[in-house]
Structure formats: C-alpha cells, structure tokens
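The values are calculated or read from the model by the stated rules, or taken from the named source; none is laboratory data. Model, not experiment: these values are computed from the prediction. Cβ coordinates were reconstructed from backbone atoms using ideal geometry, including for glycine residues, and neighbour counts include every protein chain displayed.
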Number of protein chains: 2
Amino acid sequence: MAATNASGTTAVRHGSMRDQVLGLEIVLADGSAIRTGGRVVKSSAGYNLTGLFVGSEGTLGVITELVLRVHPVPEHTVAVSAVFGDVEAACGAAAAVVAAGVALQRCEFADALTVACVNRHFGLRLVEAPSLFVELGGGRASVDADLVALRALFEDAGCSRFATETTTEGRNRLWAARHRAGEAILATAPGKIKKSTDVTVPVSEVPAAVRRTREQLERNGITAALLGHVADGNYHTVFMVDPEHPEELAQAKRVEAAQIEHALSVGGTCSGEHGIGIGKIGYLEHQYGPAVAVMRGIKELLDPNGILNPGKILRSEPV
Amino acid sequence: MAATNASGTTAVRHGSMRDQVLGLEIVLADGSAIRTGGRVVKSSAGYNLTGLFVGSEGTLGVITELVLRVHPVPEHTVAVSAVFGDVEAACGAAAAVVAAGVALQRCEFADALTVACVNRHFGLRLVEAPSLFVELGGGRASVDADLVALRALFEDAGCSRFATETTTEGRNRLWAARHRAGEAILATAPGKIKKSTDVTVPVSEVPAAVRRTREQLERNGITAALLGHVADGNYHTVFMVDPEHPEELAQAKRVEAAQIEHALSVGGTCSGEHGIGIGKIGYLEHQYGPAVAVMRGIKELLDPNGILNPGKILRSEPV
C-alpha cells in the first residue's frame, strides 16, 4: 500500500479516518480495478465512492492503494496530562475545549483503572485518577497561547493537576503507554481475554454517557476500563473476561447493550471505529432500520456472489 | 431543512462540505425515507451512505433534513488582505501557509481583474493586484501568534502589502464583496452572460495551475477572472461570454478543457464544488473510467425508473 503525501509531511491527526482518505485503488469482486477520489481535499466529481469503500470492512472490494491526507509536523508540540476528580469532570473538560474551538492534535481520556494498568505494565508513575492526555501542536507562540486557554478551561472543569511534557522522549513514553493501554489492561488479568466495544456520542453527551457506563460497571461489580478519543465523542469499554465463565461475557454484553441504547438515544452510533463485523449486525439494523436495505442493495450490486468477507456488516440472508 | 448543532454554535468552516455533513434524512425514489449518519463526527456503523448522497445532485434521493457540524464562534477574528506581484506568488503563499499548518478560517484568492470588478461594483479601494483574503479565528493570543507567522510566510512568498481588518463591519464588507464577486464581474460586462468552471488540484500544485490558466487567457486575449478557495486547492475561472457570439463560449470551453486536463494530470479533479451536471459528464468519464460504471450501478439500484434528476452526472444511456 502506498500512502501519498498531498501537501505536507507527517502523520494523520485525530478525528475520523474517513475524512483523511483522499483516494483509493480498489479491486472489485469481478477482478477489475477502479480508482476513486484523487490527491485533493475537495471534489464534487460524481458519487463519493471513496467514502463508500472506506469502512466497508472488505465487503465491497479490496483496497490495494490509498492516498492519505497528511499534516505538517508542527514546529512545536506539547503534551499535557490532566487529572480530574471523576470521569464526568474529565470528559466535560474535553467537551469544553472542543466547544471553545481550541485545536487539539490528540485528546485521550483514561479512567483510573486504565491509568493504574498502564503504570503497572510500563513502570510509570501517573496519578491513578480519571485523566486527559492532550497534545497541542503548531507555532511556538500559538501553542503557548492555546496552552493557557486549555489550562483555564480544564481548571474550570475541576482539573486538580495539570502537567506538561515538552521533550520528545517524554511525549513518546506517554503516547506509547496510551497506545498500548489495551495490552496493559489485559496484563493485569492473567488468564482472561479482552472484550472491547466502542460507541460515539455527540461530544457534549460524552460526560454523561461515560458516567452512566462507569456507574453501571460499579453497580454490577464488573471490572472494566474506560478510555477513548473523547474529543471525537468516541469512547471504549475494555472488559477482561474469563473464557471459563460464560456469565462474564454475558455481563459485558449487557453493559455494551445499555451503552449502545443510550448512544442511539442521543444521536450517537453503535460503533465509533471498531466497525460492525458479526457482533454488531443487530445493532446496525436497530440504528438504521430501512437504510440497511440500501446497504444490502449496494453489497449485492458489488458482490453478487457474496465472496467478499461474507457475513460481515450484513446478515447473509435478510431477516 | 433543519441544521442541528452537534457541539457548538456557528457557521461552517472552509473546506469540503462533504466533511461537514454528519447525517441526513433522505426520501428515496420509492417514496420511503431513510436516515443516515447521526450527530457524531466519527462512526464505523456500516456503509457511509451520508457521503454517498451528499454531492449526488439529487440523482439518488431527495435530502429532506441534514445535520451539520458547526464550529464555535471564535473569541477573536482577524481578516487579512495581502497583495502579491503575480497570481503564482499569491497562490504560492497560500500553499506555504497550508504546508506550515497555520489554521485558516478562510483563504480566498482573487486575481487583479476580480479585485478591479469588486472595487468598481462595491465602491471599494482595494489594491488591484493578485490578492489573498484570509481569516484567522480563535483565542486572541493564539490569533496574534498566527498572524505573525502568516505575515512572515506571506512576505517570504513576495507579499508587498499586508493589511488587517479587525472590525466586524470591515470584515463583513470584505467578505460580502468576495461572496458577491461573481455579480461584480458580470456587472462590468453588460450584455454578457457568465460561464464559470472550477477544478481542484493538490494545494502545492495551485500556483502553477493558476499561472498556466492566466497565461492561456492572456495568450488568447480572453477576458476572464480567476478566484477561489486556494487553501483547498480549488479555483474558479469566470468567463464573460457574449451569447450572440458562440465563438466566445467555444473559447471558454477550450480553456476549461485545458484546465481539467492539467488538473487530472496532477491528481486533481474535474469539479471542485460545482458538480458534474450535464456539462462535465464527459470529463467525469475521462477522470474515473470504469468507476463510472459503479456509479451507474448505484444509480440504477436507487432510481430504477430514472425519475430523480435524470440526465445529470451520468448519461441516460451508457456510451
């Protein structure tokens, strides 16, 4: 796969990957290849096939090349760790920053359990409380100004500790720990397997949604970590499930069901970035109802023999 | 139509409208209605039907409601007028700012003819030379810092005059003139009609693309204005055509053809935001070849009787 740089040189920013893919080469079910999009961020040339194929989980065609939008490496970058009294306050701080329009390169939430797992697994000494890990980037003066605004918004939202990390090594250590949080969480529960799920809600709804999930977990004595890309409204629940005890998986699925039900009630979605696969087919039908028939029509059009990742996203046979 | 505010309160920023639509209600050809997307910026729930319908020019369904992503009203806003020696320098300055990652609320290019028409029609006194009109917004300190960076980048690119406009009235006057530039251009050519076309190229290719078009116009003695959203790579050519002289329209079409040919050769697109309609059907086929058959399949799936805006985007009968 080739990632072509259309305007700058660096990695992709936070936000939906769907907005970052500019073009594709796709091999269709009949073996022919098409190209979609281009090397441009704006186009109104026919139907947006790029958007249709991205996130289709291999069910419509095989992506063999993609053109990504990349962003310049900022002149100056600062990472921030901020500690809050509870999950609702932490997520509320993220929502406040989004509402204020402060440009974030990254914004990651982790609950106390996630931070504790990361500390133990990577030998870090982060405060084991609900936290936001944020990255700001840009010109030095601009980043300095944003940092002041960020701190004021966080403190208004109840931030009790606000620490910055300006060295590349320090930032890399922090982000490596975040990116490998799933591994850290699982390492604290030997013999268990990981079951994770994610939803997205409007950013302003994240604080209440995460609080509800946290409360449900505590009410039922379930050990699960909450973390996510909360500036996008997207959060994950990571359960550690004993494969010998099916009731643990059933319990996790009940929490997932409640999460999705709530997400849909506030205009959210049953899957933020994990896709539908097999496990969320029922939720997709619940979320979109008759629009699923349109999806099925497109699937049958592009894969009449059902050879492309069969059984994913859509039932093999309509209900 | 209802525009639902998902996280803040204000207008849509520059960039592709496709990234700003979060969800739709659509009435299909059979009279049934579906909903796509939601009130979220990130989703991986099935096929991205929102992206498919946005920009489909009414050929797949009728959009009856849409949810837009909006952005907070910035605490502080500054508009900038910057004057350059030639069109290539002006567009090069815009590309440099994009490459440096300075966040722009708006970035509009206008050539000398456009500025002259706007001056005459609205009684303004802008310098009649290739210009960029830019808007920065955010916290005051952050905007001040970005302004310094912007000025340095512009001056490096040959900016000879850099003026700021901080009052709301002054900014509104400037943007009103820009938004009504088409009207101003036409007013200078009584009895003529407007023929406009647009392409998008990678941002780094805009300076050369605009220079090529400017040179072609001058070589052939054609009066046409160049302007556009160059930070998105998107620029427009506005011809004033005498309906009594078909050769003028033919001449405009030759310039358009050269523009599109060049745009496609550098990974661009034959239409940035004007769509395909009838006039660009041949260019769409040239740009995408076999992908147009996929578009046609989707059209036939969703509009089997061809009742939705027939003849647009795709030929009524395949070639």
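Key figures
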read-out	value
Tally of residues being more than 16 Å from B:A291 (Cβ to Cβ), more than 8 Å from chain B (Cβ to nearest Cβ) and touching a helix residue (DSSP H, G or I) at 6+ places or on another chain (Cβ under 9 Å) across the stretch A:31-67	1
Near pairs, Cβ below 6 angstrom, 6+ apart or cross-chain, from the stretch B:68-93 (away from every other protein chain (no Cβ under 14 Å) and of a type in the set (V, I, T)) to any residue that is in a strand (DSSP E or B) and surrounded by fewer than 22 Cβ atoms within 10 Å (Cβ to Cβ)	B:V80/B:T164; B:V83/B:R161
Positions within the stretch B:46-62 being without any contact (Cβ under 8 Å) to a residue 60 or more places away in the chain and touching a strand residue (DSSP E or B) at 6+ places or on another chain (Cβ under 7 Å), in sequence order	B:L49, B:T50, B:F53, B:V54
Flag if A:A99 is among the small types (G, A, S), within 28 Å of B:H71 (Cβ to Cβ), within 12 Å of chain B (Cβ to nearest Cβ) and touching a Cys at 6+ places or on another chain (Cβ under 9 Å)	no
Residue in the stretch B:147-158 that is charged (D, E, K, R) and either under 18 Å from the mean Cα position of the chain (by Cα) or under 30 Å from A:A152 (Cβ atoms) (or both) present	yes
Residues (in contact with a Pro (Cβ under 7 Å, 6 or more places away or on another chain) and of a type in the set (D, E)) located in the stretch A:99-120	A:D111
Residues of the stretch B:26-51 satisfying the condition of being buried (at least 18 other Cβ atoms within 10 Å of the Cβ) and not in a loop (DSSP other than H, G, I, E, B)	B:I26, B:I34, B:R35, B:T36, B:G37, B:L49, B:T50, B:G51
Test: residue in the stretch A:15-24 that is modelled with pLDDT of 95 or more, closer than 22 Å to B:F53 by Cα and facing chain B (nearest Cβ under 7 Å)	no
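Quick grid of which residues meet (1) surrounded by fewer than 23 Cβ atoms within 10 Å (Cβ to Cβ); (2) not basic (K, R):
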{"site": "A:F109", "(1), (2)": "no, yes"}
{"site": "A:C117", "(1), (2)": "no, yes"}
{"site": "A:R125", "(1), (2)": "yes, no"}
{"site": "A:S131", "(1), (2)": "no, yes"}
{"site": "A:A145", "(1), (2)": "no, yes"}
{"site": "A:V148", "(1), (2)": "yes, yes"}
